[in-house]
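Before any comments, here is the structure.
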Amino acid sequence: MLHPIESSARSANVAVRRSTAGQAGTGTQQLDHLDDNPWHTGAACRRDEAGLFFAPSKEPTAARLAREEQAKQVCARCPVLLECREHALAQPEPYGVWGGLTAAERRVVLARRRRRESELREARRVGAGRLIAG
Ligand code: SF4
């Protein structure tokens, strides 16, 4: 999926292309999937902020940290932060700031979730064994 910064421009494009596609009788099927995830239409980030959310090549660390902090400030006032974050974790999205988290921070969250799920599975297994031995 494209980053939500594309959503405002994409929504406008879809509206225009839908109206012309309907008249021409082509193209609507190709565009239908864009409505599948409407959460990003509420995104606070906009196309002209794309430079905040993705790293240019060979970005120095201090510049990266400053840029990511600015992106996170945009995310902090975003009404779809949780939806965005969960989307980026579920895919998982490998690059950019999504839902107020950098790619490295998302990897940490995913590792914690995997560890927790593993611990829960083990606890259930041990608990079931005790019931059987009972
Ligand atoms: S949480 Fe951040 S990246 Fe996600 S839609 Fe909102 S502003 Fe954009």
* Asked: For region 93-125, what are the residues that are small (Gly, Ala, Ser) and either away from the ligand (no atom under 16 Å from the Cβ) or part of a helix (DSSP H, G or I) (or both)?
  -> 103, 104, 111, 118, 123
* Asked: When residue 113 is evaluated against the numbered criteria (1) farther than 22 Å from residue 46 by Cα; (2) exposed (fewer than 10 other Cβ atoms within 10 Å of the Cβ), which criterion, by number, is the only one it fails?
  -> (2)
* Asked: Can you name every residue in region 83-92 that is surrounded by fewer than 18 Cβ atoms within 10 Å (Cβ to Cβ) and either within 8 Å of the ligand (Cβ to nearest atom) or among the charged types (D, E, K, R) (or both)?
  -> 86
* In this structure, is residue 79 within 16 Å of the ligand (Cβ to nearest atom), out of contact with any Lys or Arg (no Cβ under 9 Å at 6 or more places or on another chain) and at pLDDT 95 or above? -> yes
* To do: Would you confirm whether any residue within region 54-77 is under 13 Å from the mean Cα position of the chain (by Cα), of a type in the set (Val, Ile, Thr) and surrounded by 15 or more Cβ atoms within 10 Å (Cβ to Cβ)?
  => no
* To do: Return only the number of the condition from (1) surrounded by 12 or more Cβ atoms within 10 Å (Cβ to Cβ); (2) modelled with pLDDT under 95 that residue 30 does not satisfy.
  => (1)
* To do: List every residue pair whose Cβ atoms lie under 7 Å apart, where the two residues are 6 or more positions apart in sequence or sit on different chains, the first residue falls within region 58-72 and is within 14 Å of residue 104 (Cβ to Cβ), and the second residue, located anywhere, is assigned to a helix (DSSP H, G or I) and aromatic (Phe, Trp, Tyr).
  => 71/53
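The values are calculated or read from the model by the stated rules, or taken from the named source; none is laboratory data. Remember, predicted model here, so these are calculated numbers, not experimental data. Cβ atoms come from the backbone with ideal geometry, glycine included; neighbour counts cover every protein chain shown.
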